[in-house]
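Working notes, beginning with the structure itself.
The values are calculated or read from the model by the stated rules, or taken from the named source; none is laboratory data. Quantities reported herein were computed from a predicted structural model and do not represent experimental measurements. So basically every Cβ, Gly included, is an ideal-geometry build from the backbone, and we count neighbours across all protein chains shown.
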Amino acid sequence: MADLGAVTVEPAATPAPRLRRARLGRALAPYGLLLPAAAVIGGVLGYPLYLMVKLSFERYGLFQLIQHKGQWIGLGNYRQLVHDHEFWTVLLRTLLFTGVTVGLTMALGTLIALLMTRVSAAMRLLLTLALVLAWAMPVPVAANIWYWMVDYEFGVANWLLTTLHVGNYQHHDWFVNPWQGWGVITTLIVWGAIPFVAITLYAGLSQVPQELLQAAAIDGARPWRVFKDITLPILKPIFVILTSLSIIWDFQVFTQVWLLRDERPTSDYFLTGIYAFEQTFSQSEYGYGSAVAISMVLILLGVTFFYIRQMIRIGEV
Amino acid sequence: MRVRIVAAAAFVVVLAAVVATSGLASSKDQSITVWLQVDAQNGWPDVVKAANDAFQQQHPGVKVDVQYQTWGEHLTKLDASLAGGDAPDVVELGNTETVKYMANGALADLTSAKASFPNSKTWLQGLAESGQYNGKTYAVPYYAGARAAIYNIDLYKQAGVSTRAPKSLAQFLANGKKLMKKFGGNPNFSALYLPGRDWYVGLSFVYDYGGQIAKQVNGKWQGTLEAPQAQAGLTELKTVARALSRANPTGDEAHPQEALVFAKGTVGTFVGNGWEWPYALDPKVGNPALAGHVGAFPMPSHTPGKVMPTFLGGSDLAVPVTTKNKQLAIDWIKAFTSTSEETKIALAGNIPNTTSLVKINAGKPTLGPFAKAAEASWFVPAAKNWANVENANVLQSMLSKIISGHASVASATKAADAQITQILNAS
């Protein structure tokens, strides 16, 4: 009884501090667990980002690089940016490029996903395999394959188009005309981006209740109507997430253009990312290049906002 | 891309943080790092080895780490290593690249040691000037190069073209047309292999017609490619390239290496450096069977009897200010540019750094044409920011637009002038 008494009495004697400590511990534990990850992210992403913001307010050229000391000029770089005609051209081109690639990726990805719901299991497996292989291909490898396919002298594209009598494509240079060059780059990007969209949407499509689709079909709805009024609303969250992710990826395309253009792109082939890199490392304008990069980060933050808002909404459901 | 920029920034930061510690460590260990361009690796690797041996006899136990760089990216790497404080002890810089680094205080002052460098009294003047800034010496002349037309004797003979040097550009064009008539059925044949972005050759046409890239007016730089003389040269370039060349209009002289395309036997002529001739015959990468079937002549001017000005390319050797081994670096440069090594560099097809050796090549049939071509030469504007014009591909872009016919000479030169003016006047 003594034992029992002790047990029952003790909590009563010091109830508040213990409970509070336990509660406090429980409340702090998640933050403690988050700490290592937060420290790593802060170290490898936060600190460089802070330095880049600082650089963007400084005059920092080769001279300052060697002295290891920048010269504070406040908003000078940003003022220059606003009046930089080339920057606006490049930004407009980047927005256009992003719009076209994201549009094509989403449209073709959706079509392939719909196709996957219709074909036999064996075909579906084959299709998935092909998609995963394309998805798994490292970007530099893919870019090099494209590079050789559209090569001026040995490219299979020129050979095929000539053999098929589409025209005389012998010694056709795909990058003389920037529209054609961007066509090649767009195909490469869209090809690389479709698998993720198609596979994710296929997973989403398999969650659409069959009864709804069947009921609609019985009511005489045509396939487009079924897609527009049933599938699309149900999959809207997935579409929003995929679109915002695609925008984020395509807006910062760098490697593909860089490699296809022999690592020395001319100004016709500048995207915002390449422009920032050129200003920074070719022109040794580290401060100005950072300002260009920061402006990119700000634009992408806007897109990320939509993405995160949608993620939170899904979490609430 | 954001990741890439951030990563690049992080890279610079980490390097900067490491400076203090690595600086202390490297002053103890006895080794020097030398950055040379790949030309030495391809053209005169024996010179590098001999210089290392001579240097190590003088400094036993000191290691020499020679790292070969490519022209396209060596400046980006140099900047990053300067920021990080682990820059090489000796660096090769193109003679168009030195001004930017001298003006920004990246190179150690070698003025007091100048007299001790081999042949410093007879350094090739044009090259020595590219290593001087505000009256001080920051870089040692290494070698110069002039381009000449290198041609396939067999193909010329089969097409019934005289193998004597053409008297004028018009005759050169007529000869080329004969070659195209005879061999043009092969879609890969070029009478003159001229990639669109080869600005060393392309701009020679501008200077031949009396034009220039830029000039300084009242302290401000101005792009001058819109001037009638420059436009006339570029128009002629377009005519020649379109009639005789099937090289890639957006390709350059190094992708693929012109000499190796020539080695395949489907090229009548290409305009290259002296070292590219033996490179084309190299058994490892070229075609040794061509030996004895190759000739060279200076590119003819549009003015009959004259020679087209050639770009006076060249390289200097400098010591970055970050080095802890300045004296060792100087001693290595001395070993590398000694009279005996410069003689070997000259025999490899280059113009040596001293006038006392220039005559070596004059009498040789393989090297004489290059020496003769160098008699008339042009050089880039002596502007602090010139390297940035090169890095921005302004001239390359203009030339490939003109040659491909994507833009008219007038509009392409206008765009290039605007860019050149802006870059050269940037503070």
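Data for the structure
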| quantity | calculated |
| --- | --- |
| Qualifying residue in the stretch A:111-125 (condition: part of a helix (DSSP H, G or I), modelled with pLDDT of 95 or more, closer than 30 Å to A:ILE248 by Cα and of a type in the set (Val, Ile, Thr)) | yes |
| Among residues of the stretch B:66-93, those that are buried (at least 18 other Cβ atoms within 10 Å of the Cβ) and in contact with a Gly (Cβ under 8 Å, 6 or more places away or on another chain), counted | 1 |
| Top-ranked residue in the stretch B:148-166 [being assigned to a loop (DSSP other than H, G, I, E, B) and either farther than 30 Å from B:TRP44 by Cα or in contact with a helix residue (DSSP H, G or I) (Cβ under 6 Å, 6 or more places away or on another chain) (or both); ranked as modelled with the lowest pLDDT] | B:THR163 |
| Qualifying residues in the stretch A:62-78 (those that are among the hydrophobic types (A, V, I, L, M, F, W, C) and away from chain B (no Cβ under 12 Å)) - the one farthest from B:LEU78 (Cα to Cα) | A:LEU75 |
| Yes/no for B:ALA318 being at pLDDT 95 or above, in contact with an Asp or Glu (Cβ under 6 Å, 6 or more places away or on another chain) and of a type in the set (A, V, I, L, M, F, W, C) | no |
| Every residue from the stretch A:240-259 that is facing chain B (nearest Cβ under 10 Å) and touching a Ser or Thr at 6+ places or on another chain (Cβ under 6 Å) | A:PHE251 |
| Cβ pairs under 8 Å, 6+ apart, first in the stretch A:205-218 and under 12 Å from A:THR231 (Cα atoms), second among the charged types (D, E, K, R) | A:ALA216/A:ARG225; A:ALA216/A:ASP229 |
| Pick from the stretch B:103-147, criterion more than 18 Å from the chain's Cα centre (by Cα), closer than 24 Å to B:GLY43 by Cα and among the aromatic types (Phe, Trp, Tyr), ranking: surrounded by the most Cβ atoms within 10 Å (Cβ to Cβ) | B:TRP123 |
| Residue pairs meeting the criteria (Cβ under 8 Å; at least 6 apart or on separate chains; first under 18 Å from A:ILE299 (Cβ atoms) and more than 8 Å from every other protein chain (Cβ to nearest Cβ), in the stretch A:260-285; second assigned to a helix (DSSP H, G or I) and of a type in the set (Gly, Ala, Ser)) | A:GLN279/A:GLY289 |
| Residues being buried (at least 19 other Cβ atoms within 10 Å of the Cβ) and touching a helix residue (DSSP H, G or I) at 6+ places or on another chain (Cβ under 7 Å) - total across the stretch B:352-369 | 6 |
| Failed item in (1) out of contact with any Lys or Arg (no Cβ under 9 Å at 6 or more places or on another chain); (2) away from every other protein chain (no Cβ under 14 Å), with A:PRO237 passing the rest | (1) |
| Test set (1) of a type in the set (A, V, I, L, M, F, W, C); (2) under 20 Å from B:ILE345 (Cα atoms); (3) at pLDDT 95 or above - B:LEU110 fails condition number | (2) |
| Evaluation of B:HIS302 against (1) under 19 Å from the mean Cα position of the chain (by Cα); (2) not in a helix (DSSP H, G or I) (one fails), failing number | (1) |
| Top-ranked residue of the stretch A:96-117 - restricted to ones that are free of Cβ contacts under 8 Å to residues at least 40 places away in the same chain and closer than 19 Å to A:SER246 by Cβ, ranked as surrounded by the fewest Cβ atoms within 10 Å (Cβ to Cβ) | A:LEU96 |
| 1 or more residues within 16 Å of B:THR33 (Cα to Cα) and either within 11 Å of chain A (Cβ to nearest Cβ) or not aliphatic (A, V, I, L, M) (or both): qualifying helices (runs of 4 or more DSSP H) within the stretch B:66-142 | B:74-84 |
| Looking only at the stretch B:404-427, and only at residues there that are within 23 Å of the chain's Cα centre (by Cα) and facing another protein chain (nearest Cβ under 9 Å), the one that is nearest to B:THR224 (Cα to Cα) | B:GLN419 |
| Considering residues of the stretch B:245-269 that are surrounded by 24 or more Cβ atoms within 10 Å (Cβ to Cβ), of a type in the set (A, V, I, L, M, F, W, C) and in contact with a helix residue (DSSP H, G or I) (Cβ under 7 Å, 6 or more places away or on another chain) only, the residue nearest to the other protein chains (Cβ to nearest Cβ) | B:VAL267 |
| Residues of the stretch A:63-75 satisfying the condition of being assigned to a helix (DSSP H, G or I) and touching a residue at least 60 places away in the same chain (Cβ under 8 Å) | A:GLN64, A:LEU65 |
| Residues of the stretch A:163-204 satisfying the condition of being more than 14 Å from chain B (Cβ to nearest Cβ), out of contact with any helix residue (DSSP H, G or I) (no Cβ under 9 Å at 6 or more places or on another chain) and at pLDDT below 95 | A:LEU164, A:HIS165 |
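Results for (1) farther than 30 Å from A:THR128 by Cβ; (2) buried (at least 21 other Cβ atoms within 10 Å of the Cβ); (3) among the aliphatic types (A, V, I, L, M), shown as yes or no for each residue.
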residue	(1), (2), (3)
A:MET149	no, no, yes
A:THR163	yes, no, no
A:HIS171	yes, no, no
A:ALA193	no, yes, yes
A:ALA198	no, yes, yes
A:GLY204	no, no, no
